[in-house]
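Please read the structure below before turning to the comments.
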2 protein chains.
Amino acid sequence: MRKVAVVGIGSTKYGKSDKTCVEMFAEAGMDAMHDANTTPKDVEALYLGNVLGDYEEDSMNIAPFCAAEIGLKNVPATKFETACSSATAAFRDAYTAIAAGLADIVMAGGTERALLMGTALATKTFAMGTETRYEQKTGITFPGVFGMMANAYSKKYNIPMDKLKELMAMVAVKNHHNGAMNPKAHLGKEITLEKALNAPMIADPLNLYSCCPFSDGASACILATEDVAKKLTDTPIWVAGTGMGSAGPLYMQKDITKVIAREAAAQMAYKQAKLEPKDIDLCELHDCFTIAEIAATEGLGFFKIGEGWKGVEEGETSLDGRIPVNTSGGLKSKGHPIGATGVGQVYEIVTQLRGEAGPRQVDGAEIGYIDTLGGDLAAVVNIILRR
Amino acid sequence: MRKVAVVGIGSTKYGKSDKTCVEMFAEAGMDAMHDANTTPKDVEALYLGNVLGDYEEDSMNIAPFCAAEIGLKNVPATKFETACSSATAAFRDAYTAIAAGLADIVMAGGTERALLMGTALATKTFAMGTETRYEQKTGITFPGVFGMMANAYSKKYNIPMDKLKELMAMVAVKNHHNGAMNPKAHLGKEITLEKALNAPMIADPLNLYSCCPFSDGASACILATEDVAKKLTDTPIWVAGTGMGSAGPLYMQKDITKVIAREAAAQMAYKQAKLEPKDIDLCELHDCFTIAEIAATEGLGFFKIGEGWKGVEEGETSLDGRIPVNTSGGLKSKGHPIGATGVGQVYEIVTQLRGEAGPRQVDGAEIGYIDTLGGDLAAVVNIILRR
């Protein structure tokens with residue numbers, strides 16, 4: 001397989017936008033091409049994440065229109081849909097195409113207009129990521145899935161619920177602290193522990209500040225083969241490994257405090273990269289709910305199973321900690337434009353590995369990890385990047 | 001790039017089904033694994049086409065559940081969406097993964113429950129494949145797009161409309177003739193030219209028999225690298241080349257009698273396969289409407305531009321003609337379960353190249369072409385298979 005690097009990145013600010021998905025993507029895509037010193041005629045394919053374009057704006061075949069809007073000429077343009085991990089899945093197939101020799105320069109990205117729908121329709125349509133025959137019929141939505149995870153985690157590891165609530169609130173405070181230093185963040189403001197603890201209840205024990213927002217936004221990046229990458233930039237960021245895993249419906253899973261799709265994805269990514277958890281300098285991971293961050297830090301091997309909560313309590317996942325997590329602010333503060341989120345995480349890790357993250361820069365960051373979860377624990381995509 | 005072969009195929013009958021998308025896919029997927037002499041533990045990833053699962057059965061993240069249902073253990077499971085060409089796009093990325101060396105055995109397929117929706121919802125949701133900002137607002141649906149194509153074709157090539165209507169009816173009669181010999185076909189019955197000519201009008205000049213049906217159905221295939229393929233089967237069918245192209249909204253296209261996304265896809269596929277149109281023995285192509293078949297036979301280079309109609313008039317696209325087209329019955333007679341259609345076309349070409357097509361067998365078929373169109377001429381995926 002050929003070596004592949006990320007040579008350009010672009011992103012809209014996440015938050016509320018009056019633009020369409022195509023228009024937002026155009027902003028991110030043009031920025032990525034500019035950043036990569038490429039022009040539309042150089043880019044040989046588009047790999048795009050977009051999940052609910054059909055509900056958001058009656059648009060189901062959006063990839064060709066995104067390609068045309070930024071001047072890509074009749075190139076392969078494919079839309080990926082693995083719920084919240086769609087853009088990361090798109091990135092992985094973009095990487096594969098270059099690794100295989102099918103193309104030398106391609107674009108991966110995502111775009112989503114999730115705020116537009118409003119909370120009611122967004123909650124209903126997001127719930128379509130769960131299993132249809134049995135689970136949806138119980139009325140479960142995603143806050144419910146992760147509320148169950150928090151309850152199971154508290155019981156299994158014997159952590160009193162009041163203590164777990166405080167730990168989850170600390171995750172929110174940390175991510176908002178990081179997001180306040182990120183000009184692209186949707187909710188880029190500090191919050192207090194008190195505010196996080198006393199927010200309105202959503203799905204016990206998850207309250208409003210345990211949940212990430214729905215966001216509008218788009219992100220894009222340019223990938224290139226080794227020869228091309230070295231010509232385009234002095235700071236190529238190499239794809240060291242990728243992994244992807246899946247799982248069946250929740251009723252087939254024995255223990256929802258562990259995400260078995262993630263275990264499969266991480267094992268694949270570490271093996272390909274010939275790296276171990278201790279080699280990772282920082283990580284962007286899927287904190288759709290604060291309990292999800294705690295579980296993910298265990299699943300990715302940064303902490304022992306059942307001890308992820310120590311990461312936030314002891315400050316190990318803070319900016320100056322052993323393994324800084326969600327330096328961008330994460331989904332919680334940076335925002336969650338579903339089909340764009342994964343490449344938004346790539347945007348942050350590339351920014352950090354280039355040393356361009358300003359006040360939230362992790363000193364000496366050389367290897368970064370990206371983790372995106374799709375659906376009710378059903379899909380996970382992981383990517384390892386290195387300087 | 002490593003050589004890749006199709007080593008197993010499976011498909012439900014197309015038509016009306018009482019099963020869910022997951023259940024239909026399980027039937028096709030298990031058949032494909034059995035045909036390939038593989039078991040679930042051998043299959044390393046799933047690449048799946050599914051377009052309207054969210055509208056059909058509130059299911060938007062279906063690939064992991066399809067994988068779990070047939071026993072694939074936590075493997076990468078990705079859903080592709082490029083409208084009607086979704087399964088073909090899935091096949092192309094499945095091929096790429098093996099060519100790159102990322103996996104040795106993977107499954108590609110698709111599943112769709114389009115009949116379930118009924119004509120009104122299906123027409124509305126299919127129309128979401130068109131461009132949102134300007135085109136949809138005109139009220140256009142797909143019969144309208146291809147009705148315009150037929151009108152433009154008649155005018156541009158100076159073919160009187162009565163003559164073109166007869167030629168289009170001859171396409172329908174030919175494809176139903178083929179489909180009547182296909183036990184998997186949705187509308188597997190002969191029709192007369194008179195019946196085809198006198199059907200109710202849908203979008204002038206297209207009548208009911210100019211249009212393919214909506215179908216329920218699922219198809220699957222197993223792809224493997226050269227070493228593995230030779231161990232699994234005596235009749236590997238090799239992937240000689242693939243191509244994919246896109247185009248912007250219709251208002252950006254100068255001439256809708258030509259599908260520029262197809263020109264890009266075909267150029268890429270022929271180049272990779274080091275083949276020319278004259279080398280192709282038979283073709284499954286996207287006859288969503290009868291005029292679309294005529295245009296596609298030109299775009300793929302089997303006939304000169306503006307002369308595709310001669311193919312059906314002179315019998316060159318018939319089973320015993322120079323370049324048999326849609327020996328399965330095509331979308332018109334075999335049926336069109338949107339997200340499954342592309343791999344259904346692969347199923348037919350593999351069956352033919354193995355010499356297992358029974359009464360509709362093309363003698364001595366060695367090289368077959370697959371062409372699938374997605375959306376309002378916006379996406380085309382092509383695959384060339386050889387014995």
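The values are calculated or read from the model by the stated rules, or taken from the named source; none is laboratory data. What you see is a predicted model, and the numbers here were worked out from it, not measured in a lab. A quick note on method: Cβ atoms are made from the backbone with ideal geometry, for glycine too, and the neighbour counts reach across all protein chains shown. SASA here: full protein model, heavy atoms, side chains in, ligands and nucleic acids out. Shrake-Rupley method; radii C 1.70, N 1.55, O 1.52, S 1.80 Å.
On a per residue basis, chain A carries 32 Å² of accessible surface, using protein heavy atoms and a 1.4 Å probe. If only the Cβ of Lys and Arg carry +1 and only the Cβ of Asp and Glu carry -1, the dipole of the protein assembly as shown around its Cα centre is close to 280 debye. Kindly identify the stretch A:188-281 as rounded, prolate or oblate by the Cα gyration tensor criterion: order the square roots of the eigenvalues as a ≥ b ≥ c, call it rounded if a/c is under 1.5, otherwise compare a/b with b/c, prolate if a/b is larger, else oblate. It comes out oblate by the Cα gyration axes.
Of the GluC sites (Glu not before Pro) in the stretch A:162-210, the ones in a loop by DSSP (not H, G, I, E or B) with at most 13 other beta carbons within 10 Å are A:190.
With all protein chains in place and a 1.4 Å probe, the accessible surface of the protein assembly as shown carries 52 percent carbon and sulfur.
Per residue of peptide B:250-262, the mean number of Cβ atoms on other chains within 10 Å of the residue Cβ is 1. For the stretch A:243-261 versus the stretch A:35-107, the spacing of their alpha-carbon centroids is 28 Å. The stretch A:268-324 and the stretch A:180-216 have Cα centres lying 20 Å from one another.
With label points defined 7 Å past Cα in the direction of Cβ, position residue B:267 shows copy-to-copy spacings of 4.5 nm, given to one decimal and shortest first.
Across the stretch A:300-311, computed HN-Hα scalar couplings (Karplus, 6.51 cos²θ - 1.76 cosθ + 1.60, θ = phi - 60°) run 8, x, 6, 9, 5, 4, x, 10, x, 4, 5, x Hz from first to last residue, x flagging Gly and Pro. Which one, B:216, B:18, B:376, has the greatest fluctuation when you compute a Gaussian network model over chain B with C-alpha springs under 10 angstrom? Of the options given, B:18 has the highest mean-square fluctuation.
Only DSSP H runs of four or more residues enter the estimate; each adds -39500 (n - 2.57), and after division by the residues of chain B the mean residue ellipticity at 222 nm equals -11000 deg cm²/dmol. Can you return the lysines within cross-link range of residue B:174? Criterion is Cα-Cα under 19 Å, with same-chain partners fewer than 8 residues away left out. Within reach: B:163, B:165, B:184, B:189, B:195, B:310, B:332, B:334.
Using only the Cα atoms of the stretch B:336-387, build the gyration tensor, take square roots of its eigenvalues as a ≥ b ≥ c, and label the shape rounded, prolate or oblate: rounded if a/c is under 1.5, else prolate if a/b is larger than b/c, else oblate. Note, shape of the stretch B:336-387 comes out prolate. Which one of A:130, B:201, B:331 has its Cα pushed farthest toward the positive end of the charge dipole of the protein assembly as shown, where Lys and Arg give +1 and Asp and Glu give -1 at the Cβ? Of the candidates, B:331 comes out farthest on the positive side. Sorting the segments A:104-111, B:240-247 by their residues' average number of neighbouring beta-carbon atoms within 10 angstrom, most packed first, yields A:104-111, B:240-247.
With a Förster radius of 56 Å applied to the beta-carbon distance between residue A:190 and residue B:307, the computed FRET efficiency rounds to 0.20. Under a 10 Å cutoff between Cα atoms, tell me which one of B:297, B:82, B:235 has the largest fluctuation in the Gaussian network model of chain B. In this elastic network of chain B, the residue with the biggest mean-square fluctuation among B:297, B:82, B:235 is B:235. Restriction of the trypsin sites (Lys or Arg not before Pro) in the stretch B:216-266 to DSSP coil positions whose beta-carbon has at most 14 other beta-carbons within 10 angstrom yields B:254.
Net charge dipole, the stretch B:338-387: roughly 160 debye, given to the nearest 20, about the Cα centre with Cβ charges of +1 for Lys and Arg and -1 for Asp and Glu. Taking a sphere under 11 Å around the Cβ of residue B:136 and counting the other residues whose Cβ falls inside, with K and R at +1 and D and E at -1, yields a net charge of -2. For residue A:45, the shell of other residues with beta-carbons less than 14 Å away shows a net charge of 0, using +1 for Lys and Arg and -1 for Asp and Glu. Computed over neighbours whose Cβ is under 13 Å from that of residue A:306, the net charge equals +2, Lys and Arg +1, Asp and Glu -1. Just checking the listed ones, B:326, B:207, B:175: in the Gaussian network model of chain B with Cα springs under 10 Å, the one fluctuating most is B:207.
Computed from label points 7 Å out along Cα-Cβ, the spacing between residue B:161 and residue A:252 is 5.3 nm. Residue separation of residue B:30 and residue B:198 scaled by 0.36 nm, minus their Cα-Cα distance, works out to 56.3 nm of gained length. Remark: mean inter-chain Cβ contacts per residue of A:63-73 equal 6, using a 10 Å Cβ-Cβ cutoff to other protein chain atoms. To check you understand DSSP bridge types, tell me what percent of the beta bridges within the protein assembly as shown (both residues inside) are antiparallel, rounded to 5. Here the share of antiparallel DSSP bridges comes out near 75 percent.
Counting Cβ atoms of other protein chains within 10 Å of each Cβ in B:49-61 and taking the mean gives 6. For the set A:41/B:124; B:254/B:274; A:271/B:73; A:73/B:254, the pairs lying more than 24 angstrom apart at their alpha carbons are A:41/B:124; B:254/B:274. At full extension, residue A:133 and residue A:37 could sit 29.7 nm farther apart than now, given 0.36 nm per residue minus the alpha carbon distance.
In the protein assembly as shown, taking the dipole from charged Cβ atoms about the Cα centre, the farthest positive-side position among B:315, A:301, A:29 is held by A:301.
Relative contact order for chain B: 26 percent, from Cα pairs under 8 Å spaced at least 6 residues apart, divided by residue count. The rotation axis taking chain B to chain A passes closest to this chain B residue's Cβ, listed with the gap in Å: B:100, 2.
With an a/c value of 1.5 or above and a/b not larger than b/c for the gyration tensor axes a ≥ b ≥ c computed over the alpha-carbon atoms, the stretch B:113-208 is described as oblate.
Amide H contacts of residue B:240 (H built 1.01 Å from N, in plane; Pro and chain starts excluded): B:384, B:385, B:386 sit under 5 Å, all sequence-distant by 5 or more or on other chains.
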